[in-house]
Structures are given as C-alpha cells and as structure tokens.
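Asks: First the structure, then my questions, so here it is.
Every number here is computed from the coordinates shown, using simple stated rules; none is lab data. Keep in mind the model is a prediction, meaning the values are calculated, not measured. Glycine also receives a Cβ, built like all others from the backbone with ideal geometry; neighbour counts cover every protein chain displayed.
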Amino acid sequence: MKKLVILGAGCGGTMMANKMRNHLGDDWSITIIDRDNNHDYQPGYLFVPFDINKPKDIRRTKKEFMNPGIDFVISEITNVDWNAQEITTATEGKFSYDILIMSTGCDIKPEEVEGLKEGWGNDIHGFYRYDDSIALNKALKQFKGGKLVVNIAEMPIKCPVAPLEFVFLADWWFHTQGIREKVEIEFVTPLSGAFTKPVATRILTEACEQKNINITPNFALGSVDPEKKIIEAWDGTQVNYDMLVSIPPNFGADAMIDSDVADPMGYIPVDKHTLQPAGYDNVWVLGDGTDVPTSKAGAVAHFQGDILEENIMAYIEGGEQHARSDGHAV
C-alpha cells in the first residue's frame, strides 16, 4: 500500500486530506498528524475579547472535519527526514511516506522579544491564541482607563489586517462601556503607515484620525520593560502604555527548524509557484509554514490547496505538473 502523510490538521492539512481521499483508492493510506484535536476558527480569536464570539463558538474537534478513510494521529512531530522519507513523532513512533504534504503553520513567540514574555498575562496581552483571547476579554472588562497600545513586533504575521481591526473594535468597545474619553489608543507598527498598500493606508489613516486613534509607524520593536510599561524600538524610540496588546514575532514550527528543513524562523523554503522544496518531487508545502511572500491566512491555503490537488494527482498518474500558485488570497 502506498502512503500519503500530511503534517498539520489545520485549515490547509485538513483540506488536503479530504481532497486526496476523494481521489485516491484503497491502495493509498492517508495519515494526518497533529499535536492535538482542537480545531479553532482562528479569525474568531479577534472577537472573543469583545464578547462578539464566545470561546465555545470557535472551538470544535479536528477529527469531525475529516472524511472517512483518513487516519488521524495525535502526537508532536519531532523530526522530518525528506531523504529517508520518514516522519518521527514524540509518542506514536515513525511514519514512512510515498508523498508528503506539510502544513505545519506558524505561531507567536513572545520569548523572542526581551521582556515581552515576562509581562505576558499581566499588563501585556494578545489575541492570536485561544487562551490569550479569553484572558484579554477579562482584562478589557477590568480596564477603566489609560493608554492602550496595540503593537506589531515585526512582519510577517498571520492575517496582517487583524491588529488594525482590533484597534477599531477597541474604539467601539470603549464607547459601549462609556469610557472612550478616558482611553488613549495608539497603534504602533513596523510598517510605514496604517497598512501595506498606499490607497488602503490613506483610507485607514483617515479612519484612525476620525476615531482619535494615534498611529506610530516605522517602529521596530527591540525590547519591552514590563515594570516601567514601556516598549522601545531598536533606534531608542519609546512608547509608554497602561495596557499593551502585543502581536509578537511569528515563527514556524520548531520541529521544522530542528529537522533542518526550514529557515531560522521556521518557515520552509519552497518554489513560490509549485510550493515544493528544491530537489524533492514528492513533497509539497502549503499554508502559514512556507516562506512564500503571501499573506498568512486560510484563504491563501485554500487556493494553494487547489494547486496541490492538481499537481499531486499529475505526479501520481505520471503526467505533467502544470498548475502554478500565483499568490491569490481572496
């Protein structure tokens, strides 16, 4: 029996498992490996702090999204060996493969910024993880006034527009609580403006001005002093806060770094059109864990999945792999 192994049961990995199960017969096994069985609707993290979503609304199991005929293994991935065509897990042993699809994603790393992790959960919060969004909900309800700073440490991050959306939601939230006049909101970003494109930046900057939201651009975060409640850029610029909502550096999976298949930030280098690492014609990578210059968002994984589906079937059937990713995201 031939073996298809998929790493990661998030958006990209689960879509690929279901797509390939529809194509492949009983002579192929499909195994998907992930560290847990929690499937979170990650865009919902943004809304939990403001009681728009409840935590229970955005969490289900990963298994329930998988079609019959897919083996789901719950274990940490500890090593990926493309040459031996073998995956090692922490608790379930090793898995060999004929075809490998990797969708191992990315996550925040507060520990990468001096002082950030030390203040996490006190006056520093985030909303890019399930538990963090719940903690931020409690913190916002206890916040009675002062300076709220929303800071992006560096790019790339998941869903680049989410921090700005948070700023606008915070403005709305404090109005509903009747304390907006007691809160100063500042958006601190490494970008040259409110967003990445000139037209969007102009419109969003005007919206911030109308809502009395300050923007501090070109701020490359160097450190955080959780005692003095100050964030400092590498050039010495400082911004004080009473509450800091942080978007820490995003990194790919540690196991990819340890396996020497990723760059130092854990992102797997691939051809941006074929989504394959150089020299490995039976390996495909999609989603947030690649080094492809696109947004790290589920929509990107969706369109990449269409490319993989077509090319993997061509590979299996001995045809030409002609589908090419163009970075499409919407």
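Asks: Obtain the nm distance between the two label points defined at Thr78 and Asp263 by a simple spin-label model: each point lies 7 Å from its Cα along the Cα-to-C-beta direction.
Replies: A separation of 2.9 nm, rounded to one decimal place.
Asks: Looking at the chain only, what percent of DSSP beta bridges run antiparallel? Nearest 5 please.
Replies: 35
Asks: While we're looking at this one, here's another question. Let me have the relative contact order for segment 109-249, percent, based on Cα pairs under 8 Å that are six or more residues apart.
Replies: 37
Asks: As a test, work out the antiparallel percent of DSSP beta bridges whose residues both lie in segment 1-117, rounded to the nearest 5.
Replies: 40
Asks: Long-range amide H contacts for Thr78: which residues qualify at under 5 Å (H placed 1.01 Å from N, peptide plane, sequence gap of 5 or more or a different chain)?
Replies: For Thr78, the qualifying residues are Thr88, Thr89, Ala90.
Asks: Right, here's the next one. Cα-based Rg (one decimal) and Dmax (whole number) for segment 109-249, in Å?
Replies: 14.0, 39
Asks: Separate question: Karplus couplings for segment 76-86 from phi (6.51 cos²θ - 1.76 cosθ + 1.60, θ = phi - 60°), rounded to Hz, Gly and Pro as x?
Replies: My calculation for segment 76-86 gives 5, 7, 10, 7, 10, 10, 5, 6, 7, 6, 8 Hz in order.
Asks: Ranked by Cβ crowding within 10 angstrom, fewest neighbours first, how are Met265, Met66 ordered?
Replies: Working: Met265 17, Met66 20.
Least crowded to most crowded, the residues run Met265, Met66.
Asks: Would you mind computing Rg(Cα) / (2.2 N^0.38 Å) for the chain, counting N as its residues?
Replies: On the way: Rg = 21.3 Å, N = 330, 2.2 N^0.38 = 19.9 Å.
My calculation over the Cα atoms of the chain gives 1.07.
Asks: Please compute the contact order of the chain in relative form: average sequence separation of alpha-carbon pairs under 8 Å and at least six residues apart, divided by the residue count, as a percent.
Replies: Across the chain, relative contact order equals 19 percent.
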